[in-house]
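Note sheet for the following structure.
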Amino acid sequence: MSNDISAIDIPHELVICLDHVGIAVPDLDAAVEFYRSAFGWVNHHQETNEEQGVTEAMIGPKHLKETDGMIQLLAPLNENSTIAKFIDKKGPGLQQMCLRTSDIEALSKHLTEQGVRLLYPAPKVGTGGAKINFVHPKDAGGVLLELTQPA
Ligand code: MC0
């Protein structure tokens, strides 16, 4: 099998790193405490995102480097939240994986041209004012794949 990908127009420089993996949790404080007591990881950022129906905590090592992947703990705000539905159907656990991009518009165009379905026609607001979108899990090997361009 050939490894020659030069013929394919892949925007390598657009996708910077694994930003985070998201875990659906029923109790945010209990989950934060688990990562603190088990691994010494700390809560670097917490916010509520009404549109996404979540309260989230971004967990990582105390001395975080810019491209370190983090763990995003996601607790449902109410029973209509996608996280509440996920926990009802599958139980708590890995809900998403997120890639960081320098240009979500360019990456979205690239993906759409490849026939990959994005959930939103235009980016919405995510963690810390980032621009976010999601690839449908059916188009990403069964993984809900978030794309984020930090503010
Ligand atoms: C559903 N499916 C999943 C999945 N959720 N597969 C992998 N990972 C997931 N998280 C699969 C189901 O098993 C099903 O497959 C099919 O997708 C359709 O599922 P459904 O249950 O009928 O559909 P819904 O109503 O649950 O919607 C799924 C969808 C939704 C991905 C569209 O969860 C969504 O809109 N997610 C994006 C927003 C989000 O997740 N927000 C919370 C994080 P079968 O084979 O049974 O047909 S907010 C966030 O992350 C922000 C704050 C940030 O980081 O900045």
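The values are calculated or read from the model by the stated rules, or taken from the named source; none is laboratory data. The structure displayed is predicted, hence computed values, not measured ones. Note that we place each Cβ from the backbone using ideal geometry, even for glycine, and neighbour counts take in every protein chain shown. Just so you know, the surface numbers come from the protein's heavy atoms only, side chains and all, with ligands and any DNA or RNA stripped out. Shrake-Rupley method; radii C 1.70, N 1.55, O 1.52, S 1.80 Å.
Structure above, values below:
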{"read-out": "For the chain, share of DSSP beta bridges that run antiparallel, in % to the nearest 5", "value": "75"}
{"read-out": "Debye log10 I(q)/I(0) at q = 0.18, 0.24 Å⁻¹ for segment 74-120, Cα point scatterers", "value": "-0.73, -0.86"}
{"read-out": "Approximate spin-label separation ASP139-GLU105, in nm, with each point projected 7 Å along Cα-to-Cβ", "value": "1.9"}
{"read-out": "Contact order normalised by residue count of the chain, Cα under 8 Å, 6+ apart, percent", "value": "24"}
{"read-out": "Part-to-part distance (alpha-carbon centres) for segment 32-73 and segment 76-107, which is given in Å", "value": "14"}
{"read-out": "In segment 8-83, chymotrypsin sites (Phe, Trp or Tyr not before Pro) in a DSSP loop with at most 15 other beta-carbon atoms within 10 Å", "value": "none"}
{"read-out": "Projected area averaged over orientations for the chain, convex hull of C-alpha atoms, nm²", "value": "10.3"}
{"read-out": "Area accessible to solvent at VAL42, 1.4 Å probe radius, in Å²", "value": "50"}
{"read-out": "Number of Lys pairs (Cα under 29 Å; 8 or more positions apart or on different chains) in the chain", "value": "17"}
{"read-out": "In segment 20-90, the trypsin sites (Lys or Arg not before Pro) that fall in loop regions by DSSP, at most 14 other Cβ within 10 Å", "value": "LYS62, LYS65"}
